[in-house]
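The numbers here are math on the coordinates, done by the rules we state, and not lab data. All of these numbers come straight from a predicted model, not from anything done at the bench. Neighbour counts are summed over all protein chains in view; Cβ atoms, including those assigned to glycine, are modelled from backbone coordinates with ideal geometry.
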Amino acid sequence: MTDSKYFTTTKKGEIFELKAELNSDKKEKKKEAVKKVIASMTVGKDVSALFPDVVNCMQTDNLELKKLVYLYLMNYAKSQPDMAIMAVNTFVKDCEDPNPLIRALAVRTMGCIRVDKITEYLCEPLRKCLKDEDPYVRKTAAVCVAKLHDINAQLVEDQGFLDTLKDLISDSNPMVVANAVAALSEIAESHPNSNLLDLNPQTINKLLTALNECTEWGQIFILDCLANYTPRDDRESQSICERVTPRLSHANSAVVLSAVKVLMKFMEMLPKDLDYYGTLLKKLAPPLVTLLSAEPELQYVALRNINLIVQRRPEILKHEMKVFFVKYNDPIYVKLEKLDIMIRLASQANIAQVLAELKEYATEVDVDFVRKAVRAIGRCAIKVEQSAERCVSTLLDLIQTKVNYVVQEAIVVIKDIFRKYPNKYESVIATLCENLDSLDEPEARAAMIWIVGEYAERIDNADELLESFLEGFHDESTQVQLQLLTAIVKLFLKKPTETQELVQQVLSLATQDSDNPDLRDRGYIYWRLLSTDPVAAKEVVLAEKPLISEETDLIEPTLLEELICHIGTLASVYHKPPSAFVEGSRGVQHKRLTGNAGSGESVESPDTGSAAGATEAPPAVIPSQGDLLGDLLNLDLTPPTTTGPPPPISSGMQMGAMDLLGGGLDSLPPIPLRTDTPQSPQLPHQSPSPPDYSPTEVGPGDHAGPVKLGGDLGGNPAMGTGFGGAPAVMPASFSAPVSGGLDDLFDLGGGVGLPMGAYNPPKTVWLPAMKAKGLEITGVFVRRAGVIQMEMTLNNKAMSVMTDFAIQFNRNSFGLAPAGPLQILTPLGPNQSIEAALPLSTVGPVMKMEPLNNLQVAVKNNIDVFYFSCQYPISMLFVEDGKMERQVFLATWKDIPNDNEAQFQIKDCHLNSDAASNKLQSSNIFTIAKRKVEGQDMLYQSMKLTNGIWVLAELRVQTGNPNYTISLKCRAPEVSQCVFQNYEAVLKN
Amino acid sequence: MIGGLFIYNHKGEVLISRVYRDDIGRNAVDAFRVNVIHARQQVRSPVTNIARTSFFHVKRSNIWLAAVTKQNVNAAMVFEFLYKMCDVMTAYFGKISEENIKNNFVLIYELLDEILDFGYPQNSETGALKTFITQQGIKGQVSEFSLTKEEQSQITSQVTGQIGWRREGIKYRRNELFLDVLESVNLLMSPQGQVLSAHVSGRVVMKSYLSGMPECKFGMNDKIVIDKQGKGATTEDAGKSGKQSIAIDDCTFHQCVRLSKFDSERSISFIPPDGEYELMRYRTTKDIILPFRVIPLVREVGRTKLEVKVVIKSNFKPSLLAQKIEVRIPTPLNTSGVQVICMKGKAKYKASENAIVWKIKRMAGMKESQISAEIELLPTNDKKKWARPPISMNFEVPFAPSGLKVRYLKVFESKLNYSDHDVIKWVRYIGRSGIYETRC
């Protein structure tokens, strides 16, 4: 007996023939004909013309034939509403049939016929069937209420079916309960505010009882309904959980997932310190793992859900990494999902295994999978810091395979690794550059360009590389164009002399030849910025970037909460709220997890934890984004005071840049050179004010006699050589190519004369390598152009690379504090050393130290924090306007009590008084007057400390006697000892 | 809920189309055909969203089963239902093929009407369904109209009742039951012989031919149960049984098993369905006996030659025999010729499968065998490296690699006059390879 023949009739007069057969007297022939009709209907042929003939067959006692006719009716009744009424009588009659199967069939089918007239007739039989003695009929009637509600909601309410349906929740038969719950849940969804599913402890109890007895499908309906309930307190929550947990051992995965949903939701209510909470967490892992041995489609659903669960409660599956390892024969969709979860579970404990696996996957065939595996390696590097090095070397191995898409993917992730660990892995740049030509995807090209721009100073031919990209600028995607623009501007700010042409080219390409508004705007912003204020440009373009977060692709917490409430459903598979893919009003209610307010849930829950992680202020060494933003908004384009004046090197370069732009870019109005560069406020202090000292001026009584101050000053050899010798005192780190642009700076600097021959003590070891895990710091304090600087040489004597340097001072006597962050941008490799100049301010917190000039310093790097203390020469604090007027000097000298006078001997000093005076002046110790008394020169000198304390000195120099005598007077006698030491140091050097 | 259910052949022609909800139109049938079946590319997801309509599909041989919905349905339930649908169809007419579906389309419509109402799955236990939906031709024309009133209510109470999987009044002259412990042992081993992952997924399949409504209790050497009992017993006993017990990571049960009783007492009690069914599934990961160890050695000799040597060692009692041993050694796509030498069994290079297949009929425990092959390669300029798929293995052993032992299966039927002793019980253990792979 084969029915397949019904599918093969393709004759032309088919409908006509069928009509004849349907009206045949023979039962068998009729049945055959109806089967043919159904077969035609299935393959999509229109057989609605046969409606009356088929309906005529309805009056039969052959159940099989009846069912076939019903099937036809359900399909075509809507298109033939008038004729459908012919069937009503049979339905109504069947609803009274003594056979419960017939009664149920009739009511089931009637509900599927969406014709108003039929619906009207349905009400009475349905009412009866809802109270039928047979559970089979009742369970069918329960679903029928939902059907009717879909056709005519008002009718269902008017007829009171909803109340009857609610009563069925207390039915003795579990299947009736389950279907009633399913119907009510569906109806309730379209009436979000109705109290239809009035869930109270009594009904919940009924549902839980039915849960143990009904079919697997019924259990799913009940569990899904339970998930919408909000327990009154944690005790109720726990008791429901206890009764739901046995479902975790059900063979049906959907039952398990729905149970997991209920548990995940109700767990929120449980206090964390409850023993039961821990037990429950432990119970959840095994069933989730078991889901992975189901068929692949279910595995996929399970994995999508596990992805959510892992984000919400990572502790559940943290030890189950291995079960997510990809099997060779897994379908691709399972592989990709497993990979996602592997990354989420990766931690320091299992990273070695994970990496080994990922490396294996990166050699597979499926391109998407391989890409994702490569990306996963990068994500591991970012997530687990200890593994970063191995991840990078794995990526390099993969790059060596030269498989095009592997290389591109690797470069994209290496960019992120650079962001996360700045100045650590730049040694790989060379390898990356080798693969430049093979990059054909925008994302990879953009990543590579970013790397070149960011590390332009390390890449010798950065300009050539970027130029090569520039050739096909207009063929690139926007992403690449934008990145190229930024990279070239970065390069220009780093190497202004060589790349002027390049930057002009890219700016004009971006602003004049492009239609893309984003590109054009960015181009103009850079252009204006560069021409208006290169200092600001540098601050903006080369600003510290905020650290990138460890976890990527995290689902936003509120969405995650909503999705947790939808575990097992399509929403959890798509990772989208139901409103995103369900039409109409259905399913738009947003479900939320309801946590226990008192349990401190939010503190421990991973989503808030990660949110906090994302917004957490980056380490103090890096100016937070807020600061930078604030500065920008203030439109104060001079460097922010918080960071202090940058070391001279940068300002010199910026000026050079300004000149280049001023002359080179005619399309923008040239902007006059600004002189308020960081040093400018200090410049006037430096200049001596000759008019104050007239040679004719006569000193006070006890210092009688003319004093030729002017001659002293004018004849100062140091002043004379100040101009020409200036570059020599610039820090050695000043690179030669920049000097061309530096003339302006020296013009300014030269005008006031840079003190030559100032006493520069040699660098001393402040922090021995022994004490600082291989970091040795030698340093010296200098005062240059009114700026106190701490010049340090950092020497890495350890085997590993050092990065992330930062410095802080303890409170000290004169309020010394770093005026900006420690500018060490490059990582310090083993056996490398780096010079750093830290400008200091004197506005920090004050605390008296012993000795007075003691400074306690903390230096931090990626390895640890180290402390050392050093003593600075007090002359650092002598300001440039420390020259007192003579009268004032005399008055002050008298005014200070003699108790405050301190006398010292400086031995073995062979300088004459003039030479000594010159030398001292370079340390801002100014000679106010000199007189000869009994063959010895008396020098009267003054100096002023940064905190406004004046120190007056009388230096006695006897020709032929190498021993000087010095008397110091000061209102704060504590400083005298330091000042004396300073004299000694300056004069003897 | 499920809005419609379609069955297609491999060409995308509709064999069965049943729409349950008004929001699913006829065009949905075509949308799936065009977007998924005719897409001619690897399936990237078993769930497809086309124009706000979601399609769930599973494939059995070359038949596509697709469930359609526009709502946020329980996705796990839909797939479970599709699998169940396949089970039911198989139970009724055997293999799911185009031919069988066409031949039974009336039956399928009848089933679909019964097991899915307005898209809500209803009782889908074949045992219950077969009492009132019959396949014509085999069981003959048994119409419900010929049933007595008692029979009718028996059917409805079974379909809706608590024990929907068993009917009353079953009688056997000989009460007999068969227990099969079927395990598949899965392994992923690194080339260096390190176990990357290993687990056993096991099933206890029962064939019961018992009269009446027997209450059964099943016991195995579950560590938790043994430890609990061990507390009362002497230390010697505890030591003995402790050694033999196994730690079960997780288990799931047929719906006949009382889960709440298992949860509270960890005892497995149930009224079994009649005939064959799967009582439980379990998974273990600790102390697994790995029946075979594969030691691969692959050497690339230049660009056109590959030398492969694989040793397998059996690791179980010498008195036991493993059967149907098959080792599959993948070869590169550009293989031009293979020479194989093996100590035992037969080995063949199968070009169509890109593998050397080495078959051994039987092998005793604690033995070792070896194969070596020389693979000639065609020179290619294909840059893509050969992915080196793992070496996989198939076998069957007469023990349970997890160490699971059936301790008892007690049968109680109070109403009928047979006792536990009268039931003839058979137990069999079969360990098979699941995915048993060694990377090379």
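Observations on the model:
- For chain B, the relative contact order is 15 percent, taking Cα pairs closer than 8 Å that sit 6 or more residues apart in sequence and dividing their mean separation by the residue count.
- At most 16 other Cβ within 10 Å, DSSP loop - trypsin sites (Lys or Arg not before Pro), segment A:129-158: A:Lys131
- Here the Debye sum runs over all C-alpha atoms of segment B:1-134 as equal scatterers in vacuum, and log10 of I(q)/I(0) at q = 0.15, 0.18 Å⁻¹ comes out as -0.67, -0.98.
- Here is the list for segment A:887-959: trypsin sites (Lys or Arg not before Pro) lying in DSSP coil, each with at most 16 other C-beta atoms within 10 angstrom of its C-beta, are A:Lys907.
- Cα-only Debye scattering, segment A:261-360: base-10 log of I(q)/I(0) at q = 0.10, 0.14, 0.17, 0.20 Å⁻¹: -0.29, -0.55, -0.78, -1.02
- By the equivalent-ellipsoid construction on the alpha carbon gyration tensor, segment A:303-437 comes out with semi-axes of 25, 18, 11 Å, ordered largest to smallest.
- All Cα pairs of chain B, percent lying beyond 27 Å: 67
- With eigenvalues of the C-alpha gyration tensor scaled by 5 and rooted, segment A:837-989, Å: 31, 18, 14
- Euclidean distance of C-alpha centroids, segment A:297-376 and segment A:54-124, integer Å: 52
- Approximate spin-label separation A:Ser800-A:Tyr328, in nm, with each point projected 7 Å along Cα-to-Cβ: 3.9
- Looking at segment A:403-509, the pairs of alpha carbons with a distance over 18 Å make up 43% of the total.
- Rounded FRET efficiency, nearest 0.05, which uses the C-beta distance separating A:Ile863 from A:Ser393 and R0 of 22 Å: 0.60
- Summing +1 for each Lys or Arg and -1 for each Asp or Glu among the other residues whose beta-carbon sits under 10 angstrom from that of A:Thr60 gives +2.
- Placing a label point 7 Å from the Cα of A:Ala915 along the Cα-to-Cβ line, the residues of segment A:936-960 whose backbone N sits under 14 Å from it are A:958-960.
- Convex hull volume of the Cα atoms of segment B:322-439, normalised per residue: 165 Å³.
- Within 10 Å of the Cβ of each residue in A:356-368, the mean number of Cβ atoms contributed by other protein chains is 2.
- Placing R0 at 45 angstrom, the Cβ-Cβ distance between B:Lys348 and B:Lys261 gives a FRET efficiency of 0.30 after rounding to 0.05.
- A:Lys318 paired with A:Thr558, simple spin-label distance in nm, labels 7 Å along Cα-to-beta-carbon: 2.9
- Mean separation of Cα contacts under 8 Å, 6 or more apart, over the residue count of segment A:403-558: relative contact order %: 20
- Full-extension gain in nm, B:Glu176 to B:Leu321, via 0.36 nm per residue minus C-alpha separation: 49.4 nm
- Peptide-level mean, for A:859-872, of C-beta atoms on other protein chains within 10 Å: 0
- Cβ-derived FRET efficiency at R0 56 Å, A:Thr532 paired with B:Lys207, nearest 0.05: 0.05
- Viscosity 1.002 mPa s, temperature 20 °C, Stokes-Einstein D of segment B:167-216 from Kirkwood C-alpha radius, µm²/s: 151
- Exceeding the 24 Å Cα-Cα cut-off - candidates A:Lys545/A:Lys773; A:Lys907/A:Lys969; A:Lys359/A:Lys383: A:Lys545/A:Lys773
- For peptide A:207-219, the mean count of partner chain Cβ atoms within 10 Å of a residue's Cβ comes to 5.
- Cα-based values for segment B:311-391, radius of gyration first and Dmax second, are 14.9, 52 Å.
- Shown for segment B:204-361 is the translational diffusion coefficient from the Stokes-Einstein equation, using the Kirkwood radius over Cα pairs, a temperature of 37 °C and a viscosity of 0.692 mPa s: 160 µm²/s.
- Here is the tail figure for segment A:67-154: Cα pairs spaced more than 18 Å apart come to 35 percent of all pairs.
- Segment A:558-575 and segment A:419-457 have Cα centres lying 38 Å from one another.
- Sum of side-chain charges, A:Lys31 neighbourhood, beta-carbon under 12 Å (Lys, Arg +1; Asp, Glu -1): +3
- When segment A:416-467 is reduced to its Cα atoms, the Kirkwood hydrodynamic radius in Å: 11.3
- Distances between every pair of Cα atoms in segment A:117-269, grouped in 5 Å steps from 0 to the bin holding the largest one, split as 2, 10, 20, 20, 19, 14, 8, 5, 2, 0, 0 percent.
- Other residues whose C-beta falls under 10 angstrom from the C-beta of A:Glu96 contribute a net charge of +1, scoring Lys and Arg +1 and Asp and Glu -1.
- Helix screen, chain B: DSSP H segments with Cα axial length of 18 Å or more and mean Kyte-Doolittle hydropathy at least 0.5 are B:75-93.
- Put in line by how crowded their Cβ is, counting other Cβ atoms within 10 Å and starting with the fewest, A:Met110, A:Met448, A:Met770, A:Met83 read A:Met770, A:Met83, A:Met448, A:Met110.
- Residues of segment B:281-300 with amide N under 17 Å of a point placed 7 Å along Cα→Cβ from B:Ser372: B:295-300
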